[in-house]
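Take a look at the structure below.
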């Protein structure tokens, strides 16, 4: 299959539901932790090396064929916030639906039956990438890019930030994205080689977990997370 499938999967217009989520940016804007381009870059850098790294490693591992049940349980253990676990499964369900419509596969059909409420989104991403003919590195790049592009897109809307400034943030993080992808794929290959899901990254961002719980209780919000 054409490598251009990567562009389709990573495109923000792919109907996987990510447009409704800010990746924690909405709570950070309200708390005054994101006020403009510079603070947005720092927020995204932190997210890249935590949620981005974990998601990329699990997506790569799923693409390489690690057991999806073990991966899903591993992500549950790495996601203390019930709100974020719920978000990950809703996004996984939506991504599975989009993936099955775009690149039909028996593997995605079986996943949908086994996880009717949705598997964690990075696990689904890995299987969708494989169904699209992509490799583990491609799956990791999708996860890494999504981890920072979502907050950037949300902040442009929340703060009326100049879109050029948002794009500059993403471009400025490109070299770090490459490093995170390399680390994620390396960990995924170790998991495949017999070291198990335990070898996959387990870095966390406690403030993000706490803010996700607070954000879930807001009466009025622009984004679902």
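The one condition from (1) in contact (Cβ under 8 Å) with a residue 24 or more places away in the chain; (2) surrounded by fewer than 17 Cβ atoms within 10 Å (Cβ to Cβ); (3) closer than 20 Å to residue 12 by Cβ that residue 103 does not meet is (2). Screening the range 1-52 for helices (runs of 4 or more DSSP H) wholly inside it with 2 or more residues that are at pLDDT 95 or above, touching a helix residue (DSSP H, G or I) at 6+ places or on another chain (Cβ under 9 Å) and surrounded by 19 or more Cβ atoms within 10 Å (Cβ to Cβ) returns the ranges 25-30, 37-47.
Output yes when any residue across the range 68-79 is closer than 15 Å to residue 130 by Cβ, touching a residue at least 40 places away in the same chain (Cβ under 8 Å) and surrounded by fewer than 16 Cβ atoms within 10 Å (Cβ to Cβ), and no when none is.
Residues of the range 68-79 closer than 15 Å to residue 130 by Cβ: 68, 71.
This time we only want the ones that are touching a residue at least 40 places away in the same chain (Cβ under 8 Å), so: 68, 71.
Restricting the remaining residues to those that are surrounded by fewer than 16 Cβ atoms within 10 Å (Cβ to Cβ) gives none.
The answer is no, given that none of the residues of the range 68-79 is closer than 15 Å to residue 130 by Cβ, touching a residue at least 40 places away in the same chain (Cβ under 8 Å) and surrounded by fewer than 16 Cβ atoms within 10 Å (Cβ to Cβ).
Being in a helix (DSSP H, G or I) and either over 17 Å from the mean Cα position of the chain (by Cα) or surrounded by fewer than 14 Cβ atoms within 10 Å (Cβ to Cβ) (or both) holds for only one residue in 175, 184, and it is 175.
Scan the helices (runs of 4 or more DSSP H) fully inside the range 71-171 and keep the ones with 1 or more residues being at pLDDT 95 or above and touching a strand residue (DSSP E or B) at 6+ places or on another chain (Cβ under 6 Å). Please lay out each step first, then the result.
Numbers: elements: 82-102, 106-114, 121-131, 136-159.
Fully inside the range 71-171 and qualifying: nothing.
Just one of the listed residues (193, 212) is at negative phi, loosely packed, with under 15 Cβ neighbours inside 10 Å and assigned to a helix (DSSP H, G or I), namely 193. So, residue 123, is that one closer than 17 Å to residue 56 by Cβ, in contact with a helix residue (DSSP H, G or I) (Cβ under 7 Å, 6 or more places away or on another chain) and touching a residue at least 12 places away in the same chain (Cβ under 8 Å) or not? When the stated conditions are applied, residue 123 passes them.
Output the residues belonging to the range 151-161 that are surrounded by fewer than 24 Cβ atoms within 10 Å (Cβ to Cβ) and touching a residue at least 60 places away in the same chain (Cβ under 8 Å). Full working, then the answer.
Of the residues in the range 151-161, the ones surrounded by fewer than 24 Cβ atoms within 10 Å (Cβ to Cβ) are 153, 156-161.
Once the filter is applied, which keeps residues that are surrounded by fewer than 24 Cβ atoms within 10 Å (Cβ to Cβ) and touching a residue at least 60 places away in the same chain (Cβ under 8 Å), the range 151-161 yields 153, 157, 158, 159, 161.
The values are calculated or read from the model by the stated rules, or taken from the named source; none is laboratory data. Not measured: the values here are computed from a predicted model. Cβ atoms come from the backbone with ideal geometry, glycine included; neighbour counts cover every protein chain shown.
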